[in-house]
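What follows is one structure encoded as structure tokens, with my remarks underneath.
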Amino acid sequence: MNGITVLRWTLTFLLLILAWTGMAYGIHRLAHHSGRWNLLNRLHRAHHHPDYLNHQRSFRWHHFLLCFGSLEETLDVWITLTLPALLLSCLVPSHAPLMLGFHYLYEIFLSDDRLDHNPSLRGGVTRWFAWGQYHLEHHRQPTKHFGLILTFWDVIFMSGPASNAVTTTAAQGSCRFTPAAHHRR
Ligand SMILES: [Zn+2]
Ligand SMILES: [Zn+2]
């Protein structure tokens with residue numbers, strides 16, 4: 001493998017990560033629109049239940065099967081992250097093992113209270129990654145910070161920290177999940 005090939009392979013992977021997190025962003029944002037027929041909204045409510053951040057979710061064997069606390073939580077992850085990863089893997093099979101492997105390992109070992117809901121993560125790292133206080137802000141104000149893993153798409157679609165506009169707009173047509181009252185830790 002020469003330098004150009006490595007560079008092209010790496011750039012392709014980075015573009016895939018951007019595409020993947022972009023699709024996840026769109027699905028997550030769609031999940032915040034209330035509506036009788038919006039299955040995504042029903043599934044995602046479990047993630048925004050006031051108790052979600054309070055109960056301990058210690059590691060279980062079924063996490064290796066990408067099965068989490070409840071059917072709703074599991075389907076929420078599958079539809080928002082696993083499905084886009086599978087679609088992109090079909091489009092770019094050369095990167096499928098890394099793409100799917102990254103998603104699998106991240107979801108089992110790094111998400112939840114390690115990165116996503118870790119309140120001690122703040123500052124510079126949360127400018128780039130939707131971890132810690134950045135994502136917890138989404139639980140406090142579910143009309144912003146829809147980005148998963150990366151903050152990039154919140155910046156592009158102006159749903160990041162400095163966006164009052166999207167907060168107002170989204171609040172008009174979206175469901176309002178009950179903000180979490182307490183956080184673990
Ligand atoms: Zn969360
Ligand atoms: Zn949400």
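Throughout, read-outs are computed from the coordinates displayed, never taken from laboratory work. Nothing here was measured: the structure is a model prediction, and the numbers come from that model. Here the Cβ positions follow ideal geometry from the backbone for every residue, glycine too, while neighbour counts run over all protein chains shown.
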Query raised in the report: What residues qualify as long-range amide H neighbours of residue 117, i.e. H under 5 Å apart, gap of 5 or more or another chain, H built at 1.01 Å from N?
Result: 112, 132
Query - Loop-located trypsin sites (Lys or Arg not before Pro) in segment 1-94, at most 12 other Cβ atoms within 10 Å (DSSP) - result: 36, 60
Query raised in the report: Taking a ≥ b ≥ c as the square roots of the eigenvalues of the Cα gyration tensor of segment 1-108, is the shape rounded (a/c under 1.5), prolate (a/b larger than b/c) or oblate?
Result: prolate
Report summary line: A correct fewest-to-most ranking of 158, 99, 1, 23 by other Cβ atoms within 10 Å would be 1, 158, 23, 99
Query - Per-peptide average of other Cβ atoms within 10 Å, ordering 115-126, 80-91 highest first - result: 80-91, 115-126
**Report entry** Amide hydrogen neighbours beyond the local backbone of residue 129, cut-off 5 Å, H modeled
**Finding:** 151
**Report entry** Whole-Hz ³J(HN,Hα) from phi, Karplus 6.51 cos²θ - 1.76 cosθ + 1.60, for segment 138-145, glycine and proline x
**Finding:** 5, 6, 6, 10, x, 9, 8, 6
Report summary line: Put in order of increasing Cβ neighbours within 10 Å, starting from the fewest, 156, 108 give 156, 108
Query raised in the report: How far is helix 96-105 tilted off the main Cα axis of the chain, in degrees rounded to 10, range 0 to 90?
Result: 40
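Using DSSP to define loop residues, name the chymotrypsin sites (Phe, Trp or Tyr not before Pro) in segment 10-76 whose beta-carbon has at most 13 other beta-carbon atoms within 10 Å.
When the chymotrypsin sites (Phe, Trp or Tyr not before Pro) of segment 10-76 are filtered for loop state and at most 13 Cβ neighbours within 10 Å, 37, 59 remain.
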Query raised in the report: Can you work out the FRET efficiency for the pair residue 120 and residue 15, with r the C-beta to C-beta distance and R0 = 25 Å, to the nearest 0.05?
Result: 0.20
Report summary line: Per its Cα gyration tensor (rounded if a/c is under 1.5, else prolate when a/b beats b/c, else oblate), the chain is best filed as prolate
Requested in this report: Label segment 42-88 by shape, choosing from rounded, prolate and oblate, from the square roots a ≥ b ≥ c of the eigenvalues of the Cα gyration tensor; if a/c is under 1.5 it is rounded, and otherwise prolate applies when a/b is larger than b/c, oblate when it is not.
Outcome: oblate
**Report entry** Mean residue ellipticity (222 nm) of the chain, computed from DSSP H runs ≥ 4 via -39,500 (n - 2.57), nearest 500
**Finding:** -14000 deg cm²/dmol
**Report entry** Net dipole in debye of the chain [+1 Lys, Arg Cβ; -1 Asp, Glu Cβ; about Cα centre; nearest 20]
**Finding:** 240
Query - J(HN,Hα) series, segment 73-90, from Karplus relation 6.51 cos²θ - 1.76 cosθ + 1.60, nearest Hz, glycine and proline x - result: 4, 5, 5, 4, 5, 4, 6, 6, 10, 6, 4, x, 5, 5, 4, 5, 5, 5
Query - Rough spin-label spacing in nm, given labels placed 7 Å along Cα→Cβ, for residue 87 and residue 100 - result: 1.7
